[in-house]
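The values are calculated or read from the model by the stated rules, or taken from the named source; none is laboratory data. As the structure is a computational prediction, the values presented were derived from the model and not from experiment. Cβ coordinates were reconstructed from backbone atoms using ideal geometry, including for glycine residues, and neighbour counts include every protein chain displayed. What goes into the accessible areas is simple: the full protein's heavy atoms, side chains included, and nothing from ligands, DNA or RNA. Shrake-Rupley method; radii C 1.70, N 1.55, O 1.52, S 1.80 Å.
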Number of protein chains: 2
Amino acid sequence: MVQIKRLNDLVSRVKEMPPKRLVAVNAVDEHTIEAVNAAVEEGIVLAILTGNPETIGKTCAGMGIDPARFSIIPATSEEDAALKGIELIISGKADILMKGLLSTDKYMRVILNKDYGLLSPKSVLSHVAVMENKEYHKLLIVSDVAIIPYPDLSQKIIQTGYLIRIAQLMGIERPKVALIAATEQVLPAIPACTEAAIISKMAERGQISGAIVDGPLAFDVAIDKESADIKKIASPVAGDADCLLFPNIDSGNVFYKMNTKMCHSEQAAIVMGAKVPIVLSSRGDTMLTKFYSIALAALME
Amino acid sequence: MVQIKRLNDLVSRVKEMPPKRLVAVNAVDEHTIEAVNAAVEEGIVLAILTGNPETIGKTCAGMGIDPARFSIIPATSEEDAALKGIELIISGKADILMKGLLSTDKYMRVILNKDYGLLSPKSVLSHVAVMENKEYHKLLIVSDVAIIPYPDLSQKIIQTGYLIRIAQLMGIERPKVALIAATEQVLPAIPACTEAAIISKMAERGQISGAIVDGPLAFDVAIDKESADIKKIASPVAGDADCLLFPNIDSGNVFYKMNTKMCHSEQAAIVMGAKVPIVLSSRGDTMLTKFYSIALAALME
């Protein structure tokens with residue numbers, strides 16, 4: 001399989017696959033409809049929109065889009081729109097769940113309600129983003145910048161698995177995973193360090209397979225060979241990481257926002273761990289980010 | 001006082017001041033001598049070097065520098081060089097302590113040894129960096145990216161004070177301090193959020209003065225007005241922060257390294273909380289970063 005090296009390659013790849021069925025929840029606003037429409041046009045998805053049909057019709061009219069290209073499921077409120085979306089997923093009529101115009105809180109509350117069956121009792125929902133930063137020679141697949149504040153060791157192991165799975169779907173045969181901390185020293189008092197040491201040893205023992213996992217590594221060593229050489233860190237991951245696992249949301253979120261605000265990077269992002277991939281776009285995201293996120297969700301099996 | 005808006009302004013400012021007396025510990029290597037020499041040439045400091053006089057002489061000769069422009073205090077080992085440096089500080093013969101060629105561990109161990117008197121019993125040593133990122137319209141004064149792994153509330157209050165003090169020395173009359181978290185919501189389970197709420201309320205009550213302090217703020221909202229508007233966060237700090245307090249070293253370190261490696265930013269950095277400012281340069285730092293750090297230390301009163 002040819003490796004996906006840029007976000008445009010991701011789009012090309014999913015265009016070759018049969019379209020997935022996406023349901024966008026309360027998809028009544030321009031931002032959501034614009035991104036979904038682009039994905040429909042590219043043949044990446046067939047789209048179902050839940051929400052007030054009149055509002056959807058008006059928004060589409062304002063954008064010069066024929067609403068007939070979407071299936072529309074009427075809903076009476078934001079919650080109802082979310083529930084209708086989940087019903088479609090549970091009954092096997094849709095493959096991807098996407099957020100439209102409703103607060104992340106409301107959206108997540110419905111997703112997290114285990115009565116609805118989108119999660120199994122042991123599900124760990126976690127956010128994975130694929131960042132394209134012009135300063136780096138490859139895509140960076142990272143977690144978790146948005147959902148789990150302070151993952152414990154078992155959650156970090158699951159997150160590592162999510163990173164590896166996405167990397168492999170992108171055609172990276174043995175992805176290099178860097179477990180990020182502030183230093184490469186295994187400082188016993190710092191969980192970011194000790195848990196990274198544990199996870200990388202687990203990988204060495206074959207308990208985590210399909211990837212080269214090393215940590216703790218500071219961010220500079222993970223992505224910059226020269227920094228690794230200066231610090232004399234011999235690691236097959238150093239300077240060439242495909243995946244970064246952040247120790248907590250504080251560090252992941254700063255990374256993510258430095259990328260978007262200071263480096264003007266584009267990205268794709270999904271939430272993993274539910275029955276289907278979930279697209280969690282926010283108002284601040286660009287159209288392209290929403291579109292790439294749909295493409296990433298469509299890549300999932 | 002004219003405000004220091006770029007690192008070059010910082011250099012201009014300290015050039016107008018009487019030179020401070022700097023002691024560089026085990027200053028036997030080219031990197032250290034090059035930066036110290038530049039600061040001496042600019043009239044920012046008078047320099048004392050501790051270390052093996054022969055090695056210092058050889059290094060100077062190789063660089064075409066006359067060692068006579070430095071005072072040299074012979075030392076027999078790295079530890080001895082560190083101790084000699086501290087003795088000069090304690091006896092009032094030097095104003096700035098700088099690390100030369102020795103491991104940060106060894107250097108810090110001598111500094112942290114309270115028997116030597118560089119710290120008072122209640123001292124909180126913390127790292128403050130001033131970053132110049134071309135993408136931002138002002139300098140960013142940030143803490144702590146290198147020393148305290150997980151500051152508790154009382155340490156964060158002290159760190160906030162350090163940020164304000166440096167901002168004021170730079171001529172920012174009422175600096176805007178953003179207390180960084182992953183979200184602006186005060187989520188009770190996330191200490192980054194709750195402690196930010198506490199500190200900003202303390203500032204509102206006048207318990208922290210001389211600054212406008214707000215948090216929790218996510219990084220994008222702190223530095224980008226548009227992000228704040230989209231999220232409808234009304235804050236006098238949003239989009240215009242002078243200072244960033246990171247909730248832990250994990251997030252601060254990622255910020256710092258994104259700046260240097262992805263954004264090619266220059267910076268100045270010192271350790272505050274001891275009797276004098278401490279320069280903690282590392283091998284990976286550029287000459288300019290070391291030079292700017294000396295200038296920042298020289299700005300301190």
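Couple of notes before you dig in:
- Residue B:210 satisfies every condition listed in (1) on the phi > 0 side of the Ramachandran plot; (2) crowded, with 23+ Cβ neighbours inside 10 Å except (2).
- Matching entry among B:97, B:88 (being out of contact with any helix residue (DSSP H, G or I) (no Cβ under 9 Å at 6 or more places or on another chain), under 11 Å from residue B:25 (Cβ atoms) and not in a loop (DSSP other than H, G, I, E, B)): B:88
Yes/no per residue for (1) within 22 Å of the chain's Cα centre (by Cα); (2) of a type in the set (D, E, K, R); (3) at pLDDT 95 or above; (4) surrounded by 14 or more Cβ atoms within 10 Å (Cβ to Cβ):
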position	(1), (2), (3), (4)
B:19	yes, no, yes, yes
B:35	yes, no, yes, yes
B:38	yes, no, yes, yes
B:54	no, yes, yes, no
B:63	no, no, yes, no
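- Positions within the range B:42-83 being small (Gly, Ala, Ser), touching a strand residue (DSSP E or B) at 6+ places or on another chain (Cβ under 6 Å) and closer than 14 Å to residue B:100 by Cα, in sequence order: B:47, B:75, B:81, B:82
- For the range B:201-221, the tally of residues that are more than 14 Å from chain A (Cβ to nearest Cβ) and closer than 15 Å to residue B:242 by Cβ stands at 7.
- In the range B:187-198, the count of residues that are at pLDDT 95 or above, more than 23 Å from the chain's Cα centre (by Cα) and assigned to a loop (DSSP other than H, G, I, E, B) is zero.
- Looking across the range B:166-186, just one residue is outside any loop (DSSP other than H, G, I, E, B) and without any contact (Cβ under 8 Å) to a residue 60 or more places away in the chain, and that is B:168.
- For the range A:137-183, the set of residues classified as among the hydroxyl-bearing types (Ser, Thr, Tyr) and open to solvent by less than 10 Å² (accessible area, probe 1.4 Å) consists of A:143, A:160, listed by residue number.
- Here residue B:177 passes the criteria (1) over 19 Å from residue B:138 (Cβ atoms); (2) away from chain A (no Cβ under 12 Å) except the one numbered (1).
- For the range B:180-200, filtered to residues that are within 10 Å of chain A (Cβ to nearest Cβ) and among the β-branched types (Val, Ile, Thr), the residue that is nearest to residue B:5 (Cα to Cα) is B:180.
- Restricted to the range A:140-170, and to residues there that are under 19 Å from residue A:257 (Cβ atoms) and in contact with a Gly (Cβ under 6 Å, 6 or more places away or on another chain), the residue that is farthest from the other protein chains (Cβ to nearest Cβ) is A:144.
- For the range A:240-264, the set of residues classified as open to solvent by 10 Å² or more (accessible area, probe 1.4 Å), more than 8 Å from every other protein chain (Cβ to nearest Cβ) and within 16 Å of residue A:138 (Cβ to Cβ) consists of A:240 only.
- Taken over the range A:93-136, residues that are open to solvent by less than 20 Å² (accessible area, probe 1.4 Å) and among the polar types (S, T, N, Q) amount to 2.
- Residue in the range A:276-299 that is farthest from residue B:255 (Cα to Cα), counting only those that are in contact with a Leu (Cβ under 7 Å, 6 or more places away or on another chain) and not in a strand (DSSP E or B): A:276
- Inclusion of residue A:221 among residues that are of a type outside the set (Phe, Trp, Tyr) and over 23 Å from the mean Cα position of the chain (by Cα) is warranted.
- In the range B:216-224 there is no residue matching the filter, namely being in contact with a Pro (Cβ under 7 Å, 6 or more places away or on another chain) and either within 20 Å of residue B:144 (Cα to Cα) or open to solvent by 30 Å² or more (accessible area, probe 1.4 Å) (or both).
- No other residue among A:228, A:274 is surrounded by fewer than 24 Cβ atoms within 10 Å (Cβ to Cβ), in contact with a Ser or Thr (Cβ under 8 Å, 6 or more places away or on another chain), within 11 Å of chain B (Cβ to nearest Cβ) and small (Gly, Ala, Ser) apart from A:228.
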